[in-house]
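The values are calculated or read from the model by the stated rules, or taken from the named source; none is laboratory data. The structure presented is a predicted model; accordingly, all values stated were derived computationally and were not measured. Cβ placement follows ideal geometry from the backbone for every residue including glycine, while neighbour counts extend to all protein chains displayed. When the accessible area is computed, the model is the full protein with side chains, heavy atoms only, and any ligands, DNA or RNA have been set aside. Shrake-Rupley method; radii C 1.70, N 1.55, O 1.52, S 1.80 Å.
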Amino acid sequence: MGANSSSISELPENEYLKKLSGAEPISENDPFWNQLLSFRFTTPTNSADLKLLEEATISVCKSLVEKNPRTGNLGSLIKVFLSRTKELKISAECQNHLFIWQAHNALFIICCLLKVFISRMSEEELQIHFTYEEKAPGSYGTECEDLIEELLCCLIQLIVEIPLLDITYSISLEAVTTLIVFLSCQLFHKEILRESIIHKYLMHGRCLPYTSRLVKTLLYNFIRQERSPPPGTHVFQQQTDGGGLLYGIASGVATGLWTVFTLGGVGSKPTPQLEQCSPLANQSLLLLLVLANLTDSPDTPNPYRQAIMSFKNTQDSTAFSSSNPHAFQINFNSLYTALCEQQKSDQATLLLYMLLHQNGNVRTYVLARTDIENLVLPILEILYHVEERNSHHVYMALIILLILTEDDGFNRSIHEVILKNITWYAERVLTEISLGSLLILVVIRTIQYNMTRTRDKYLHTNCLAALANMSAQFRSLHQYAAQRIISYTCRHLRRYVYVLDKLYFPHSHCSTLQHCFSTLSDNGEELLSLTCSHILRSYASSLFSLLSKKHNKVLEQATQSLRGSLGSNDSPLPDYAQDLNVIEEVIRMMLEIINSCLTNSLHHNPNLVYALLYKRDLFEQFRTHPSFQDIMQNIDLVISFFSSRLEQAGAELSVERVLEIIKQGAVALPKDRLRKFPELKFKYVEEEQPEEFFIPYVWSLVYNSAVALYWNPHDIQLFTMDSG
């Protein structure tokens, strides 16, 4: 690393870079450009090398910022690049390494310079650096804007038109990276940019006709996951016969200049992380997410979002709507496979969310797949490892489940998919379980983690909504899933009584009751002792009797009383008091979920009835609770009906015999005795101004995940470094 570090640190003293950033204008036709662009370079990928490169670039840029408005050398460099890209497609077809090599090098230098410029000046100031001072007064603005637009348009053309070969991989990647850099001005603003010069060019004018082709190409880059070719493939290699004249010229002008500056070295071993991924696929996905989340302009909706919302399957022969000029077709089977395989990354999960939420064609296709487990299992793994994921990734995974559970067909089909040996689920050995039961287990585990750790109301509300959407189609629930539904509800019922006790009797020292709650295990499956159950029953009876008289008023008075006992009206309530409403909401929703299952599919779920009967004592205490008594009617009826049949069957029944009695009773239970409630259905709706969430999230992914891009964390204004 020492030699590489020193070579980077010497860049500011390099004679060619000093000339580029110096006071002398350089003509587009000057031989200098051949000399500047004839270097071999493997783009750095580790943060230490990228930071060194950034610091070296800043030093060169300081001089260029000062001199360029008079010399126009940045504009000359860009025009040299533009002239060379005109023959790029032919060069690729003819395997003209030298031409592609120098075009790539020009774009690499432009990208490095632009990144520093954009981080240190406004877009208006940036425009000045795209023109010559010699132009007539008043004309430089138009000239400058045209050059920016021409460069942006050229980059898009390069991405969509140049075939992806080993020799073009690096320049295609660099073009995607440069577009990301062009849009990176958002990183240096706290507020969401709603008007931007770069946005205007990308959404209007010459760039607009390429919208659908660009989105399609970026999606296919993601789908194909093309690995980076072996290091050195894109570099013009000396032929075994000694090489021709062109190579001799190129190598001659490069001698002593860039050949020592091969950070990582041609032929060096990639990092293990890069061996497992495609830099172009990753960068393309990040650019796609950035483009899709640009804010609408005052007169035009974001065309990239429109393209994402409307593309169709290649097998769909229906005509495109004339209202959307940006529609296109793509292979949905390939897209589905890529989405299933790539869900370990935030950006792939975010793409899946966008497609399911915004593109009805994709959503219909996904819901019709017979191998839906290939998509759902990676999402469940994200939620299962919630403590290892950032909160945004968990949100996206959860919302994807919520969107899927809006479909009754999905809710039925997941109980028909039987899985074997789920190795990543550690709480219990699951040798055979339906996808639906596993989904229930993971979602309940996520709610529990949230209630005990992060206490995020948004998270548990969406978890409960997904369970509620599924509840009417619960089928053949695994005994462990049924047990967790009931035990999780019971845990909150016990917690609720405990919190009420603390509210009404804040100075009481009921050590037995307190001990019962402090010793409950995390999964909430331990039964309370007989003594504690008796105490709970006594408290519940008196508390609920009091609550039933004037529920809200009593709670308000108790809260005020508690505040008074703390000595100040400004004193915050203890956690248990603040949690009371949340606990009550969770209990209500869990009871509604249980009720929905009993009302719609009781005969399909003997394990749920069994688990309910096992904990019936606790449920019976809540039959008179003013907040729950309506929903408790059906649950109480089921408990009474099956308890009676079990009593008639005698004592000391085996588990198998109890389940047999439940199955027989499910057929005999008169369905008309169960009160009908409105169907539980929740639909995901984005918050108002979703860009306030998604734009910082997307740029945090770019900041953390983009290949070969480094920004000084102290310069970032859009989000804090611990966002997510």
| query | Accessible area of residue 452, 1.4 Å probe, to the nearest 10 Å²? | reply | 70
| message | List the pairs from 344/420; 615/676; 86/115; 216/420 whose alpha-carbon separation is above 27 Å, in the order I gave them. | response | 216/420
| remark: Sorting 46, 103, 76 by the position of each Cα along the dipole of segment 46-104 (Lys, Arg +1; Asp, Glu -1; all at Cβ), the one nearest the positive end of that ordering is 76
| field | Within the accessible area of segment 642-691 (1.4 Å probe), percent carbon and sulfur | value | 50
| request: Evaluate the charge dipole of segment 679-722 about its Cα centre and quote only its size in Debye, nearest 20, assuming +1 on the Cβ of each Lys and Arg and -1 on the Cβ of each Asp and Glu. | output: 200
| said: Give me the percent of accessible area attributable to carbon and sulfur for segment 31-92, probe 1.4 angstrom. | reply: 52
| field | Proximal aspartates and glutamates relative to residue 18, as straight alpha-carbon distance under 12 Å, when same-chain residues fewer than 8 apart are discounted | value | 10
| note | In terms of the alpha carbon gyration tensor, root eigenvalues a ≥ b ≥ c, rounded if a/c is under 1.5 and otherwise prolate when a/b exceeds b/c or oblate, segment 663-704 is oblate
| Carbon and sulfur atoms: what percent of the 1.4 Å accessible area of segment 390-503 do they account for? | 46
| said: Given the whole protein assembly as supplied and a 1.4 Å probe, what does the accessible area of residue 365 come to in Å², nearest 10? | reply: 50
| query | What is segment 345-433 by shape, rounded, prolate or oblate, if you read a ≥ b ≥ c off the alpha carbon gyration tensor as root eigenvalues and call it rounded for a/c under 1.5, prolate for a/b larger than b/c, and oblate otherwise? | reply | oblate
| remark: Sorted list, accessible surface of protein heavy atoms, 1.4 Å probe, largest first, for 685, 707 is 685, 707
| field | Cβ-placed point charges (K, R +1; D, E -1), dipole of segment 344-436 about Cα centre in debye, nearest 20 | value | 140
| Which value, in Å² and to the nearest 10, is the accessible area of residue 146 when all protein chains are kept and the probe is 1.4 Å? | 80
| remark: The answer for segment 168-207, accessible area per residue at 1.4 Å probe in Å², is 30
| message | How would segment 43-87 be classified by its alpha-carbon gyration tensor: rounded, prolate or oblate, with rounded meaning a/c under 1.5 and the a/b versus b/c comparison settling the rest? | response | oblate
| task | Hey, could you get me the Stokes-Einstein D for segment 35-129, Kirkwood radius over alpha-carbon pairs, 20 °C and 1.002 mPa s, rounded to whole µm² s⁻¹? | result | 147
| Cα centroid separation - segment 148-164 against segment 616-689, whole Å | 63
| request: With a 1.4 Å probe and all protein chains in place, put 431, 300 in order of accessible area, largest first. | output: 431, 300
| field | Simple spin-label estimate for residue 321 and residue 645 in nanometres, 7 Å along Cα-Cβ | value | 5.1
| How much area per residue is accessible in segment 636-724 when the probe is 1.4 Å and only protein heavy atoms are counted (Å²)? | 59
| query | What ranking of 99, 642 comes out by heavy-atom accessible area, probe 1.4 Å, highest first? | reply | 99, 642
| request: Hey, can you find the accessible area per residue of segment 382-459 for me, probe 1.4 Å, expressed in square angstrom? | output: 39
| said: Highest mean first, how do 326-334, 653-661, 464-472 rank when packing is the count of other Cβ atoms within 10 Å averaged over residues? | reply: 464-472, 326-334, 653-661
| message | Could you sort the peptides 113-120, 387-394 by per-residue average Cβ neighbour count (10 Å cutoff), highest mean leading? | response | 113-120, 387-394
